[in-house]
Amino acid sequence: MNTKSRFLTIFSVLVYTFLIFPLVIITAAAFGANDYLKFPPEGFSFKWVANIFEVEMFIRTFKISIEIAVFGTFLALLIGIPAAYILSRYQFKGRNFLQGLFLSPVLIPAIVFGFSLLKFLIIKMQFPVYTSLLIGHTVVILPYIIRVISSSLESFDYSIEEAAVSLGAGRIKTFFIIVLPNITSGVIAAFILAFINSFNNVPISIFLTGPGVSTLPIQMMSYVEYYFDPTIAALSVILMLMTAILMFIIERTLGLSFFTK
Amino acid sequence: MALLNLKDVSVAYGDNVVLKDFNLNIKKGDLVSLLGPSGCGKTTTLRLIGGFIQANKGKFIFNDKDYTKVPVHKREFGFVFQSYALFPHLSVFDNVAFGLKLRKTPKGEIKKRVMEMLDIVGLADYSKRYPKELSGGQRQRVALARALVIKPDLLLLDEPLSNLDAKLRVKMRVGIRKIQKELNITTVYVTHDQEECFSISDKVAVMNEGVIEHLDTPQNIYDNPKTEFVANFVGFENFIDLSLQSKNEDISTYNSKNGRVFKVKSTNINSNKETIKGAIRPEEIKIVNKGGDNKDENTLDGIVGISTFLGKEYQYMVDTEVGKLLVNGNTNKRYKEGEKVKLYLPKEKMVLV
Ligand SMILES: Nc1ncnc2c1ncn2[C@@H]1O[C@H](COP(=O)(O)OP(=O)(O)OP(=O)(O)O)[C@@H](O)[C@H]1O
Ligand SMILES: [Mg+2]
């Protein structure tokens, strides 16, 4: 082994250690018997996992988070799929501007974006908190949807659509019977990615939550301000598991390389 | 009357004018090929006929109706793409049935017609396969069957064989021609393979920079090309500047720059210009031994330059008084570099452009 690759190995090990070690601590603490976060924990118990279900706020905000993530993702797909299609198939004036506009939520710092949404949706438009939260999430996950759908459209030969049209299918019909069935894996991936993003979002939600309407991550943050017990660790482990399962589904439908290319 | 008629059509991509005042007539039942170098506008012409692109100017008349503004899906034309463009999520059967289903054809009839068509293209046993489970040649035949099963008014093919190997190309082109004749379907065929195009077409349109330079039967284009470009494209590799001496009904006389006399058949004169180019294929020039022939008409003296082996013949670069000429000679004898030779250019083999 030469020096260069040895250095690389050490470097990778360090990086992974830093990434994984906190997760190990959290996981260990979640199943510990102590009343506070302690590593290594003393004893083994499921009581903190059980305690999650005792905290009524967690249950309620979990439901809201799921609702917002599911509806938001559906809305974003409804807007994102046609938008991605038009952006990738048609040349028109202002195309670059639109592309930039759709992708801007990733470029603007999320906290700035969240604050502007608060100003606009709640203060100016006087929308209810729940509606604002839904709109905010929809907007913030739209770029992911468009990115993923665009890249699966790009790998779909346009002449296949032209073939369908030449055989007598109109443009819209062609989209539904030819294009959509061939980009389903992209749609699934976009859905999951958007769902994870919405479910875990803090910087947008923190501005768009109010009395009675909050999301799980926000609730977790306020919980740790007052309690030091490992309930949060247990909850974190469950959330990690959920994300891992979803990523596993993506890996199965598309391969993770889909996002790195 | 022509079935298809493009009248003074212009097409541009932005500022790039690809077709300018383009005209094309095609008779019912004919297979017409568009032949030309890369980028000359063949695909553009085909896509214009198919309705995928719009003309800036001009008219497209089909079957005495104005088709200029008819959208693609209302045209009833079959289109075969270079990439085949099969529907990846549908089986061979469903690919071919696609057009019929859209036309609300009864189920029983769909089944009958699809299987008939698959039979014609020799894929009856493959109806349950998916496109990715087929070879290139099989995919191409599915694409053909899919376009033909709707009994299109016109069949458009864009280099349908270019992704296949040489042997299969020959086999498939015979197949395409056979089906085309059997179904008597008017066809426009785009290719840049000369042999392919000459072998299957009723008419060939040789295109250059968005203009049809010569539209005629393969035989006429091969023997008597109308322009310098076409001559060059179909293998007339030698051009000699000539000026007119006397024109007669049968045989006309021209002079080369160095004063040699050239007699040519008057039917081979394709331009009225005083100074004109005499074109001839390398394989039509005869090498005659110096001093062997007394007549000086249609001859040139030259010195053999480099030679190459073509398999059936040798090809020489011969330096003559009117420039370098490519000349083929048989394999009985290989002339050496620097050897003096006399070239004979038969009058019936020369074409004036
Ligand atoms: N979508 C397009 N946008 C801009 N220019 C184009 C487009 N399609 C073709 N062109 C240009 O139009 C000209 C003709 O193109 P066309 O595709 O018709 O050529 P072709 O004869 O089919 O060539 P080939 O044998 O390479 O397929 C070319 O100069 C090409 O660069
Ligand atoms: Mg082309």
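The values are calculated or read from the model by the stated rules, or taken from the named source; none is laboratory data. Being a predicted model, the structure only gives us computed values, none of them experimental. Cβ sites come from the backbone with ideal geometry, for glycine too, and all protein chains shown count toward neighbours. Side chains included, ligands, DNA and RNA excluded: accessible areas come from the protein's heavy atoms. Shrake-Rupley method; radii C 1.70, N 1.55, O 1.52, S 1.80 Å.
Some notes on this structure:
- Any hit, the range B:70-88, residues being more than 24 Å from the chain's Cα centre (by Cα), open to solvent by 10 Å² or more (accessible area, probe 1.4 Å) and away from chain A (no Cβ under 11 Å): yes
- Just so you know, in the range B:182-194 the residues that are within 16 Å of ligand 1 (Cβ to nearest atom) and open to solvent by 10 Å² or more (accessible area, probe 1.4 Å) include one that is farthest from B:Gly136 (Cα to Cα), and it is B:Gln194.
- Screening A:Ile149 on (1) within 22 Å of A:Arg171 (Cα to Cα); (2) at pLDDT below 90 shows it passes everything except condition (2).
- Condition check for B:Ala85: within 14 Å of ligand 1 (Cβ to nearest atom) and assigned to a loop (DSSP other than H, G, I, E, B): no
- Just one of the listed residues (A:Ile183, A:Ile249, A:Ile177, A:Ile218) is away from chain B (no Cβ under 13 Å), surrounded by 16 or more Cβ atoms within 10 Å (Cβ to Cβ) and out of contact with any His (no Cβ under 6 Å at 6 or more places or on another chain), and it is A:Ile218.
Conditions tested, residue by residue: (1) open to solvent by less than 70 Å² (accessible area, probe 1.4 Å); (2) farther than 19 Å from B:Pro37 by Cα.
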{"position": "B:Thr227", "(1), (2)": "yes, no"}
{"position": "B:Ile251", "(1), (2)": "yes, yes"}
{"position": "B:Tyr254", "(1), (2)": "yes, yes"}
{"position": "B:Val261", "(1), (2)": "yes, yes"}
{"position": "B:Lys265", "(1), (2)": "no, yes"}
{"position": "B:Lys273", "(1), (2)": "no, yes"}
{"position": "B:Ile280", "(1), (2)": "yes, yes"}
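- Near pairs, Cβ below 8 angstrom, 6+ apart or cross-chain, from the range A:4-32 (open to solvent by 70 Å² or more (accessible area, probe 1.4 Å)) to any residue that is at pLDDT 85 or above: A:Leu23/A:Met240
- Residue match in the range B:290-298 (condition: open to solvent by less than 40 Å² (accessible area, probe 1.4 Å) and not assigned by TED's automatic domain parsing to the domain that holds B:His192): yes
Conditions tested, residue by residue: (1) in contact with a strand residue (DSSP E or B) (Cβ under 7 Å, 6 or more places away or on another chain); (2) open to solvent by 40 Å² or more (accessible area, probe 1.4 Å).
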site	(1), (2)
B:Tyr130	no, yes
B:Gly136	no, no
B:Arg141	no, yes
B:Leu157	yes, no
B:Leu168	no, yes
B:Gly175	no, no
B:Gln180	yes, no
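- Test: A:Asn200 is of a type in the set (S, T, N, Q) and surrounded by fewer than 17 Cβ atoms within 10 Å (Cβ to Cβ): yes
- Subset of the range B:18-69 (residues that are within 16 Å of ligand 1 (Cβ to nearest atom), over 17 Å from B:Ala205 (Cα atoms) and open to solvent by 80 Å² or more (accessible area, probe 1.4 Å)): B:Gln54, B:Asn56
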